[in-house]
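In what follows, a single structure is set out as structure tokens and then discussed.
Any read-out appearing in this document is the output of simple, stated calculations on the displayed coordinates, not a laboratory observation. Just so it is clear, the structure is predicted and the values come from calculations on it, not from any experiment. When we count neighbours, we look across all protein chains shown, and the Cβ atoms used for this are built from the backbone with ideal geometry, even at glycine.
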Amino acid sequence: MIESLLKGLAVLEREALDAVATAGDADTLEQVRILYLGRKDGKVSAILRALAELDPEIRPRVGSEANRVRDVIRDALERRTTELTALAGRPREGPDDLTLPGRARWVGGLHPVTRVIDEICRIFASLGFTRARGPEAETEWYNFVALNTPLDHPAADMQATLYLSGNILLRSHTSPVQVRVMERHQPPIRILAPGMVYRRDAPDASHLPAFSQIEGLAVDGGVTFVDLKAVLGEFAHRFFGPETRVRFRPSFFPFTEPSAEVDVSCIICGGSGCAACKGTGWMEIMGAGMVDPAVFEAVGYDPQRYTGYAFGMGPHRIALLKYGIPDIRLFHENDVRFLEQFR
Amino acid sequence: MNISYRWLRALAPELRDSPQEVADRLTMYGAPVDEIVRLGEGLGDILIARVESVRRHPNADRLTLCEVSAGGEVVRVVCGAPNVRAGAWYPYVPAGGVLPNGVRIQQTRIRGEESNGMLCSEAELGLGRDQGGILELHGTFEPGERFVEALALDDHRFVVDVTPNRPDLLSHVGIARELAHGGVAGVTLPPFPAGAQARRASRRRGGAPAFAIAAADTIGEVDGVSVRIDDADLCPRYMAAVIRGVQVALSPEWLAGRLRAVGARPINNVVDATNYVLSELGQPLHAFDLDRLAGPAIVVRRARAGEGLTTLDGQARKLEPDMLAICDAERPVAVAGVMGGSESEVSSTTTNVLIECALFDPKSVRRTRKALDLSTDASYRFERGVDPTGLPMALRRVVHLIVTVAGGKTTAAATDVCPRPASPVVIDLRPQRVAQVLGIECNASSVRAQLKPLGFQVKPGRRGFLRVTVPGWRSYDVTREVDLIEEVARRYGYDRFPADLRPYRPGTVSDDPSFQREEELRSELVACGLLEARTAALVPGRAGLVPLANPLSAEEGHLRDALLPGLLRRIEHNFGRGLRDVRLFEIGTIFRPGAAGGQPVEATHLAIVLTGLRAPAHWSGPGETIDLWDVRALLEQVLAPAHFYGAELHPWAGDHVYFDRDLALSVQVSGHVIGEGGRVRREAVDAPPWAGPVWGSELTLPDPPPPPRIVKFEPLPAFPAVERDLALVTPDAVAAVRVERAIRAAGGEFLDHVAIFDVYRGPGIPERTRSLAFRLRFRAPDRTLRDEDADRATGAIVSHLREELGVEPRAR
Ligand SMILES: [Zn+2]
């Protein structure tokens, strides 16, 4: 009751002030005065008269607000009258209507996937990770063998790989960058490798044959599974919000052991279960694990001395979750009405 | 992998978890449940009925009148199924009952005869696809028993996502070991519900059928059948048993029901028994019709050139010499570990069977099934790894089951030909290494508590190590210390680990400067009003592109060597939606053919496309469309030395693939073309008539990026400047840039700034010339310049221009 009365007064105030400001001559201004403050039918006057019938509980608040509105309108009328008198007989110096829209410039914007990649990189940069790059057309050695994935093992089938010729392929994950970095540098290693990866997947609402991935790798003496949980948990809280719950569950990747799948509480339903999370309340955001000693052996690190963790996540997928986009193919359509939403 | 909840509970009677709890625990053990399928839903109205008599419908040839007993009075049902027979049991919906698809069955008259309810097919009950006839039930029932309960159909099917390292989870026993309280100790194989035949047989013999196993090295013998392994590398163990006198028929309902619950199709009692044990224990098995085996003999050898066979799926297969075959005395009868042959298939006339229970080399099975493009339940398990110690148990189990459901008997000991006995995997585990990797303290007793329920034996070893013996079913994925550490972490529970951020040492790898460069370029282009696009790197074919060996489609069969074509398709997409103002850019990887047999050459490109208005339409005027000078300005801006090494723009000479002749620019760094831009040729874009011209550009980003630019402060001018305007009549053959350079060359020490402010053609100016108006600014760093200084310098410029370029000042 009281809220609707106060809201009505606020609307009335706005209306009246607009009418005062746009009144171009004394006659119009007088009509505005009568409309709002006229003794007989003025809208504000009517409210003031009706105060007596209000519940005594709310009467003081409504009364003081109505009086304030009446005073504000009366002051505005007075000011405008002075202005009009001063302007009387002088030609206008500017355009006759200042409510017309201004001269705009085109506003550009980053692709939503780039925004997500940049945000992920910024968070990890503050946790000490620098960025590294590797080729998108790789050899079987870097994509599989050096990552403890023999080609004659079913683990090599976990991703459908696109081949170019012979043992040259389009990398199916950004993990080869791990190997390339460790071949050239000594620990401590703390890198992030964003880039495109390729899979032999027919495009549909959740698959594209080419999509982005971000690989992370930290190696040093004394790095443990506890550090992995800490850093990835910290990332999840900064990226998805401090209320987010994080869950690590066992999984399998040939190049990490122990391996984990990292889930966060669903950003749509908060964990109670909805269509986006298939009713589980959780969303899978990345794979991770402790670097398998076989990978260290492949790059010439001493696995007894160094331990490390690695993780990988898909910015395309995370962007779908973050912005609530229903179909991953929208990312490659590049409709300007789509792109303009993310700036 | 499909797992039945009822089956699991039969194996682990102590398991009290609800289906959802089972799914949650499996997920947290690393075998996520993708789906829980409720089975037997909507079958509450279905009863089991016996058909007492069958006779022809008087008014219809295809229909019969059945007297049906389902608990109460015998009722009449009109039936259209060809297979209905008196004395058999069928699922039955009484009148008023509802089928799982929601249809209510009414009492009705069919061709003049009353019908009370309906006898149902598998398809009508949602149990399978068979709609050829009504579902005959095999077993002993009471008329009117509830179908769901009699057949134990109310069940849940878990669709478990088993990772490739865990073949041991591809069976009910494997899953039960993970879940049972007490682990392995909580799992027992339940007895089979015995049919009449088996009850007679076990009365005779007292208990399970007599079954002995005789060990052999490479040649064995079972009941007159010789069994020989010629290639022990590909087949380290082959067990075989012979059962004589089986009666091949449909399986009893409990067995068929188990298979249906995991989504398998019942075939006949012998084959179903092998599939049952496969699903229970994870050991692939094969039953041969013994009388179809020449010899009779089994020879496990590589196929010979030219050999082949027709597999159970009816396909004729050619075998290669690197494929392992199961042969009789003459020819291949099965592709080892993949699929049996149709000639020795168990059929309704089979009476004697040979059961194969073998171990095959995972890599060999994988190669073979890939070469044959034939993946089966058997090959799937063999290529991941089958428990080498589990064979005797599986063979005993399947023989027992076949005798129970199909009769027959074993009269001779089974043979166990085992040229390569598996030795158990023993690993030393250092508790301090567990701490080094996991970051938590552990001791012998906590490690034992995690590992023992999973079947690992843990004994104290030297120097505080633990000697861990790995059970056979884990011998593929647990071979190293780190594999045990994962096991400890997995069973301890990842969620119980702390997650405290600790200090770290900074890494030795510096941030790759190309990322910074791309970020800067992106934000500059965004500031210029462009939207970032991302287009696919996989494109349709064209000469000179790098092809894919196994593309998904021709449309995505090659790697792009330029970004511009992809962006032009995006322009078309936007035109197609009525959008005329489109300004896109992309920074992405392109590929060119590399050295033969090597990787393609990759480069990072930047491309821009622009069309439509220069600024959003405004009421103050008609708006101007984007032209060459907008493109040129964008290029001049992004080509700043921060991103490129001193690039210059030059008019493009000659024809161009994408751009209109005379409206194209090339971008050059020390004479080397690194990019181009201009107005896109009309034929290169499929544009509607209302669309404006499309402008574009594509550049190769230098690799490595230029070093960071060092900015140095320059003192601000302390003294005023003097300006002179100079209009120059310039022949068309002389480019403005040459005039500007000549002005700078002759301008002297005080020339501070040169800018063109007007270009004019028309009255007062000779043909084939135009007037270029320059504004010159002169300034001295240490004094106020006098007019004479400026005039003198301007005079020098004018005479230099006249001599060098034939350019004259315009007469006033
Ligand atoms: Zn949700």
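In units of the rule-of-thumb radius 2.2 N^0.38 Å, region A:112-342 shows an alpha carbon radius of gyration of 1.00.
Rounded, prolate or oblate, given the Cα gyration tensor of region A:183-281, with a/c below 1.5 counting as rounded? Since a/c reaches 1.5 but b/c is at least a/b, the shape of region A:183-281 is classed as oblate. Partners of A:Lys40 within straight-line reach, counting lysines whose Cα lies under 18 Å from its Cα and excluding those fewer than 8 residues away in the same chain: none found. If the chain linking B:Val426 and B:Arg25 were pulled fully straight, counting 0.36 nm for each residue of separation and taking away their Cα-Cα distance, it would gain 141.5 nm. Peptides B:500-511, A:190-201 ranked from most to least packed, by the mean per-residue count of other Cβ atoms within 10 Å: A:190-201, B:500-511. For the listed peptides A:165-175, B:282-292, a ranking on the average number of other beta carbons within 10 Å per residue, highest first, reads B:282-292, A:165-175. Computed per residue of chain B from DSSP H runs no shorter than four, each worth -39500 (n - 2.57), the mean residue ellipticity at 222 nm is -7000 deg cm²/dmol. Averaged over peptide B:522-531, the number of partner chain Cβ atoms lying within 10 Å of each residue's Cβ comes to 5.
Projecting the Cα positions of A:Trp141, A:Val262, A:Ser175 onto the charge dipole of region A:112-342 (unit charges on Cβ atoms of Lys, Arg, Asp and Glu, taken about the Cα centre) puts A:Val262 furthest along the positive direction. A DSSP coil position with no more than 14 other Cβ atoms inside 10 Å describes the following GluC sites (Glu not before Pro) in region B:704-812: B:Glu749, B:Glu767. A prolate overall shape is assigned to region A:234-332, the ratio a/c of its alpha-carbon gyration tensor axes (a ≥ b ≥ c) being 1.5 or greater and a/b exceeding b/c. Per-residue packing, averaged as other Cβ atoms within 10 Å, sorts the ranges B:687-697, B:466-476 into the order B:466-476, B:687-697, beginning with the highest. Between B:Asp511 and B:Ile756, the FRET efficiency estimated from the beta carbon spacing at R0 = 30 angstrom works out to 0.15. Placing unit charges on the Cβ atoms of the charged side chains and taking the dipole of region A:2-89 about its Cα centre, the candidate lying farthest along the positive direction among A:Gly8, A:Ala26, A:Gly63 is A:Gly63. Where in chain A is the longest stretch that carries no GluC sites (Glu not before Pro) classed as loop by DSSP and with at most 10 other Cβ atoms within 10 Å? Counting at most 10 other Cβ atoms within 10 Å as exposed, the longest clean stretch of chain A is A:94-242. Along the charge dipole of chain A, pointing to its positive end and built from +1/-1 on Cβ of Lys, Arg, Asp and Glu, which listed residue (A:Met290, A:Pro91, A:Thr307) has its Cα farthest out? Result: A:Pro91, furthest along the dipole toward the positive end. Each pair of Cα atoms in region B:223-325 enters the Kirkwood radius, and Stokes-Einstein at 20 °C and 1.002 mPa s then converts it into a translational diffusion coefficient of 135 µm²/s. The string of couplings for region A:249-256 from the Karplus curve (6.51, -1.76, 1.60, θ = phi - 60°) is 9, x, 8, 9, 9, x, 9, 9 Hz, one whole number per residue in order, with x for Gly and Pro.
Exceeding 21 Å between C-alpha atoms, which entries from my cross-link table qualify? They are B:Lys363/B:Lys459; B:Lys318/B:Lys370; B:Lys318/B:Lys363. With Cα atoms farther than 21 Å apart: B:Lys363/B:Lys459. Compactness check for region A:128-186: Cα Rg over 2.2 N^0.38 Å is 1.15.
Peptide B:435-444 shows a mean partner chain C-beta count of 4 within 10 Å per residue C-beta. Kindly identify the protein assembly as shown as rounded, prolate or oblate by the Cα gyration tensor criterion: order the square roots of the eigenvalues as a ≥ b ≥ c, call it rounded if a/c is under 1.5, otherwise compare a/b with b/c, prolate if a/b is larger, else oblate. It comes out prolate by the Cα gyration axes. Dimensions of chain B based on its C-alpha atoms, expressed as ranges along the principal axes with the largest first, amount to 134, 87, 58 Å. Annotation for A:Ala202 and B:Asp703: the two label points, set 7 Å from Cα along the Cα-Cβ direction, are 3.4 nm apart. For the segment B:593-601, counting C-beta atoms of other chains within 10 Å of every residue's C-beta and taking the mean gives 4.
Over region A:2-89, the hull volume per residue, using the convex hull of the C-alpha atoms, is 72 Å³. Taking A:Pro326, A:Pro60, A:Pro154 as the candidate residues, the one with maximal mean-square fluctuation in a Gaussian network model of chain A, Cα springs under 10 Å, is A:Pro60.
Helices in chain A, meaning DSSP H runs of at least 4 residues, each add -39500 (n - 2.57). Divided by all residues, the mean residue ellipticity at 222 nm is -12000 deg cm²/dmol. Between 0 and 90 degrees, the angle of helix A:59-87 with respect to the longest Cα principal axis of chain A falls at about 80 degrees. Remark: relative contact order (region A:112-342) = 21 percent; criterion is Cα-Cα distance under 8 angstrom and separation of 6 or more residues.
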